[in-house]
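This report refers to the structure that appears directly beneath it.
The values are calculated or read from the model by the stated rules, or taken from the named source; none is laboratory data. From a predicted model like this one, the values you see are computed outputs, not experimental measurements. When we count neighbours, we look across all protein chains shown, and the Cβ atoms used for this are built from the backbone with ideal geometry, even at glycine.
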Amino acid sequence: MIYVLGAALIAFLINMAPSYWLEEITAKTSSLTLSQLGLTSSWISNGNAAYVQVSNHARSLTIEIVRECTGIHVIAIFSGLVLPLRGAGFKRKLIAIIMASAILFFLNITRVCLTIGLIFFNVFPFSIIFQNPTVETYHYPLSYLYGVFGVFLLIVSTDRFVLPELGDMLVEVMAALNKAFSLVVIGIRVRVNKLYEACTRIEDN
């Protein structure tokens, strides 16, 4: 319970940190990546928001890079899972967070570029399904897929190469949650059985 509360508190505090600087880095790196892929791309910042622009002879597209595009939420959760771990030195925890941040940043850039590419070109077979795609058309499905895969990759790689304590702790937490759920289910069954017995006695009388 202490671990879960500590993880939640750390994740909350990190998630509240300013992220505009990370939005700029994401926009700049995404634009550079798109340019390397042969697209005409640039990025702009007005001090409050960062944007990625893509264009060709036929059309242009401007996408705002918001806080959710930076992956800070995943890093916050991951840091919350790592920092309260017992039996692990701070150095290994720091290495784990840096490694996870690098992996997540790479995955996030590919997600942003893929989202922009799908919107800009509206490729087959998506062009049949979506006539006028918007950011939301691809953003949420890709974010979900990348989120599930990213968290799985971060946890497995961290447990395998840096912090085996993370896997052990998560197994303990899952076991505790399973036990608590089982107790709740048993309690509900007991109450239902008592209620059924009470109703049966009333009917007999």
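Observations on the structure shown:
- Inter-residue pairs, beta-carbon under 7 Å, first without any contact (Cβ under 8 Å) to a residue 12 or more places away in the chain and in the stretch 144-166, second of a type in the set (A, V, I, L, M, F, W, C) and in a helix (DSSP H, G or I), 6+ apart: Asp159/Leu166
- Of the criteria (1) over 23 Å from Gly147 (Cα atoms); (2) among the hydrophobic types (A, V, I, L, M, F, W, C); (3) crowded, with 19+ Cβ neighbours inside 10 Å, which one Ala96 fails: (1)
- The single residue among Leu22, Leu85, Leu5, Leu61 that is surrounded by fewer than 19 Cβ atoms within 10 Å (Cβ to Cβ), touching a helix residue (DSSP H, G or I) at 6+ places or on another chain (Cβ under 6 Å) and not small (Gly, Ala, Ser) turns out to be Leu61.
- Some residue of the stretch 66-80 being modelled with pLDDT of 90 or more and of a type in the set (Asp, Glu): no
- Residue check, Val171 assigned to a helix (DSSP H, G or I), modelled with pLDDT of 80 or more and of a type in the set (A, V, I, L, M): no
- Residues in the stretch 87-122 that are under 23 Å from Ser41 (Cα atoms) and not in a helix (DSSP H, G or I): 1 in all.
- Test: residue in the stretch 54-68 that is more than 21 Å from Glu136 (Cα to Cα) and either not small (Gly, Ala, Ser) or not in a loop (DSSP other than H, G, I, E, B) (or both): yes
- Any hit, the stretch 33-42, residues being more than 19 Å from Arg111 (Cβ to Cβ), among the small types (Gly, Ala, Ser), at pLDDT 90 or above and outside any loop (DSSP other than H, G, I, E, B): yes
- Within the stretch 110-124, being under 19 Å from Gly71 (Cα atoms) and surrounded by 19 or more Cβ atoms within 10 Å (Cβ to Cβ) holds for Arg111, Val112, Cys113, Thr115, Ile116.
- Residues (surrounded by 12 or more Cβ atoms within 10 Å (Cβ to Cβ) and of a type in the set (A, V, I, L, M)) located in the stretch 8-19: Ala8, Leu9, Ile10, Ala11, Leu13, Ile14
- Qualifying residue in the stretch 183-199 (condition: part of a helix (DSSP H, G or I), of a type in the set (Phe, Trp, Tyr) and either crowded, with 16+ Cβ neighbours inside 10 Å or modelled with pLDDT of 70 or more (or both)): no
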